[in-house]
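S.K.: The structure under discussion is supplied below as structure tokens; questions concerning it will follow.
Coordinate-derived values only; no laboratory data. Everything numeric in this text was worked out from a predicted model, so none of it was measured. Note that each Cβ is placed from the backbone with ideal geometry, even for glycine, and that neighbours are counted across all protein chains shown.
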Amino acid sequence: MASVLLVEDDPVIRARLIDVLSRHDHVVRSSPYGFEALREVTRQPPDAVVLDLGLPDLDGVDVLRMLRSISQVPVLVATARDDEAEIIRLLNAGADDYLVKPFSGGQLAARLGAVLRRSAAVERPGAPEAAPRDGAIRVGGLTIDRQARSVSLDGSELRLTRREFDLLTYLAERADRVVPRRRVLADVWRQSYVEEQTLDVHVSSLRRKLGERASRPRYLHTVRGVGIKLVTPR
């Protein structure tokens, strides 16, 4: 799951794209204006931006250039022109990829997924090292290497999504302490509002990958009405 800022001024298209992205498990915020989008990126940085170029207040390419001056967030540009000069202009301005209108919801989801994967690969270059670097977090048999963004359990590497890694690391840094649910959502997702069910889904996924169940937890414990904690198994 990724947080996506959709910048599109047409309300009909905006509603359709929000529906498409939401059905692909992304958390979507939207804006019809370039200036507003720039404020959103600085206020609550998303994982990716989908940017339409035909905006009422600013030229989309200018928005892209200003965005690149303040953030390295991945940007997928929607354009009505497919000539080579336009594509080169967009890429030189800082776009990570582009879609030519009209495009289907499936195309958008696939291109956005590719952009997000490339972004994650840049943040985690190369293969994980056999031994964790200095500063690794250890909780029982769990070893979390923050620099390599790798996690192992009893010596076996776990394949986690970007958000699962962030959540597990956040809880491991507060091991054996109960963290309120809304605090977890605010600190890990960094958005003004996220459904609490989003947290439940990620906790459930982490439990499966840790080889445990909610009825018999080893590491991830839920304290009803209070919050969540990652504990050292006894």
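S.K.: Over segment 46-110, what number does the Rg to Rh ratio reach, with both radii from the alpha-carbon atoms and Rh per Kirkwood?
M.R.: 0.94
S.K.: Please give the charge dipole size of segment 164-216, origin at the Cα centre, charges +1 on K and R Cβ atoms and -1 on D and E Cβ atoms. Round to the nearest 20 debye.
M.R.: Charge dipole, segment 164-216, about its Cα centre: 180 debye, nearest 20.
S.K.: State which stretch of the chain is the longest one without any exposed GluC sites (Glu not before Pro), exposure meaning a DSSP loop state and at most 16 other Cβ atoms within 10 Å.
M.R.: 1-128
S.K.: What size of dipole, in debye to the nearest 20, comes out for segment 1-75 about its Cα centre when the only charges are +1 on Lys and Arg C-beta atoms and -1 on Asp and Glu C-beta atoms?
M.R.: 240 debye
S.K.: Okay, moving on. So what are the ³J(HN,Hα) numbers for segment 34-45, from phi and the Karplus equation (6.51, -1.76, 1.60; θ = phi - 60°), rounded to whole Hz, Gly and Pro as x?
M.R.: Once rounded to whole Hz, the list reads x, 4, 5, 4, 5, 5, 4, 5, 6, 7, 9, x.
S.K.: While we're on this one: Which value, in debye to the nearest 20, gives the size of the charge dipole of the chain about its Cα centre, when Lys and Arg are +1 and Asp and Glu are -1 at the Cβ?
M.R.: 1440 debye
S.K.: Would you please state the base-10 log of I(q)/I(0) at q = 0.08 1/Å for the chain, with intensities from the Debye formula using one equal scatterer on every alpha carbon?
M.R.: The Debye formula, applied to the Cα set alone, gives -0.35.
S.K.: In addition: Quick one: Debye curve from the alpha-carbon atoms of segment 1-77 only, equal weights, vacuum; give me log10 I(q)/I(0) at q = 0.11, 0.21 Å⁻¹ to two decimals.
M.R.: Debye intensities relative to I(0), on a log10 scale: -0.23, -0.86.
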